Amino acid sequence: MNVLHVSNDLPDPIEGDKTKAIEAFVKLSDRAFSNRVISLNRTFGASFSTAVGTIFGRRRDPIISQKVAFGHNVAVRYRAPPKGILHRTRLERLAGELAPPPGFSPDLLVGHKLTVEGFVVHRMARELHLPYALTIQGDTDTKILRARPDLRRKLGDIYRGAGAVVSLAPWSLEQVERLLGPRDVGTFVIPCPTDLDGVKSPRAGDGKFLTVFHLKSYRRKNFAGMLSALDILSLRGSEPRLCVAGGGSEDDIEAVTRLAGTRPVTFEGAIGRDAMAARMNAASAFVLPSLRESFGLVFIEALLAGCPVIYPAGQAISGFFEKRSFAVAVNPRDNRAIAAAMAHMLENEAEAKADLAEWQQSAEARRFMRENIADAYVAALRSAVRPG
């Protein structure tokens, strides 16, 4: 089967510093499909007046400003105004200027966010007379659905018209269906794959908390909330150390160092993939109460490495571990809740790690292994072409 993926979230020659989650899905399905990718990159090259002028036919600015081939794929830079202005209009115009790579006849189109690439593949599918599938990425998709009620009717049509929909987590599917209504068939929850899916048995930790993020993202990852939690624990007579693993620029390092001040925080710098599982295994618990998180692959990596986790409620891995002692959800905007979860993890580390060791050997854990994810993803996309 020939599959054409359309994604804003795949590293390419135009912008190489993107998350690799969608790239991983594509690579895992290479065993079953002939995959090609149109990798999108938005630039704010179109002013509002120029974009409005195109609607009323006064001028026709080219929406695509750059195309770069890489392998069998193509990276595209397109112009669109900021802040969601003319969001649907520009994406549908972009779809009209896109085409499958020369010599490639797709059997299926896949748009890797409902509320962005969904507009693109919906129009392309109509013009090419092809089925399409969608990915739900909770952070962006729920944000746009909440902010743009005027687009919900169209997005509902796109959602229900897809041959298959893959959501990365249960919570994002629930929120999308709360706003758009349910689909009849062909909806799948498939977690992101990780290359760190080997299991390390839990062991007694070092009494420290570990967090992992690129330092440039310290605001979104709620580093300030973690620091406030340390202050609260200090006032209660407990001073656990927070170890921060992650690289960044000199400015990033200066910003987080200044924010941490004299608190018990250690910056460990970037840790290579080969060493990350061992580092997680040594910690007493992992904490990352992000303000926005579609999935947060690092939580699964920590669990497979034998480290209990504290994660943001209602996002990230919500819906997978509600009845497990080794995964504690917190309101990321409640610093006292973060502190309470950290204290609870330290006091109940042995129990949580015993529960985690049992889970690691279960069918639930195998759901997060690459082989099972690959099989589930291939089956989902095949169902979009041959329903049932």
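For every residue, the table says whether it meets (1) assigned to a strand (DSSP E or B); (2) touching a strand residue (DSSP E or B) at 6+ places or on another chain (Cβ under 7 Å); (3) at pLDDT 95 or above; (4) within 27 Å of L173 (Cα to Cα).
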| position | (1), (2), (3), (4) |
| --- | --- |
| N41 | yes, yes, yes, yes |
| R58 | no, no, no, no |
| P62 | no, no, no, no |
| A75 | yes, yes, yes, no |
| K113 | no, yes, yes, yes |
Going through (1) open to solvent by 50 Å² or more (accessible area, probe 1.4 Å); (2) in contact with a strand residue (DSSP E or B) (Cβ under 7 Å, 6 or more places away or on another chain) one by one, E177 fails only at (2)
Please indicate, with yes or no, whether at least one residue in region 158-173 is open to solvent by 60 Å² or more (accessible area, probe 1.4 Å) and within 24 Å of I85 (Cβ to Cβ). no
Go over the candidates A384, A357 one by one and state the one that is in a helix (DSSP H, G or I) and under 19 Å from A283 (Cβ atoms). A357
Just to be sure, is I373 in contact with a strand residue (DSSP E or B) (Cβ under 6 Å, 6 or more places away or on another chain) and either assigned to a helix (DSSP H, G or I) or basic (K, R) (or both)? no
Grab the strands (runs of 3 or more DSSP E) fully contained in region 192-305, keeping just those with 1 or more residues being within 26 Å of the chain's Cα centre (by Cα), without any contact (Cβ under 8 Å) to a residue 60 or more places away in the chain and loosely packed, with under 15 Cβ neighbours inside 10 Å. 265-269
Out of the residues in region 9-23 that are under 12 Å from the mean Cα position of the chain (by Cα) and outside any helix (DSSP H, G or I), which is surrounded by the most Cβ atoms within 10 Å (Cβ to Cβ)? L10
Return the only residue of T89, T194 being out of contact with any Pro (no Cβ under 7 Å at 6 or more places or on another chain) and closer than 30 Å to D274 by Cα. T194
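The values are calculated or read from the model by the stated rules, or taken from the named source; none is laboratory data. Nothing here was measured: the structure is a model prediction, and the numbers come from that model. Heads up, the Cβs are rebuilt from the backbone with ideal geometry, glycines too, and the neighbour counts pull from every protein chain shown. For the accessible areas, the whole protein counts, side chains as well, though only heavy atoms, and no ligand, DNA or RNA atoms are used. Shrake-Rupley method; radii C 1.70, N 1.55, O 1.52, S 1.80 Å.
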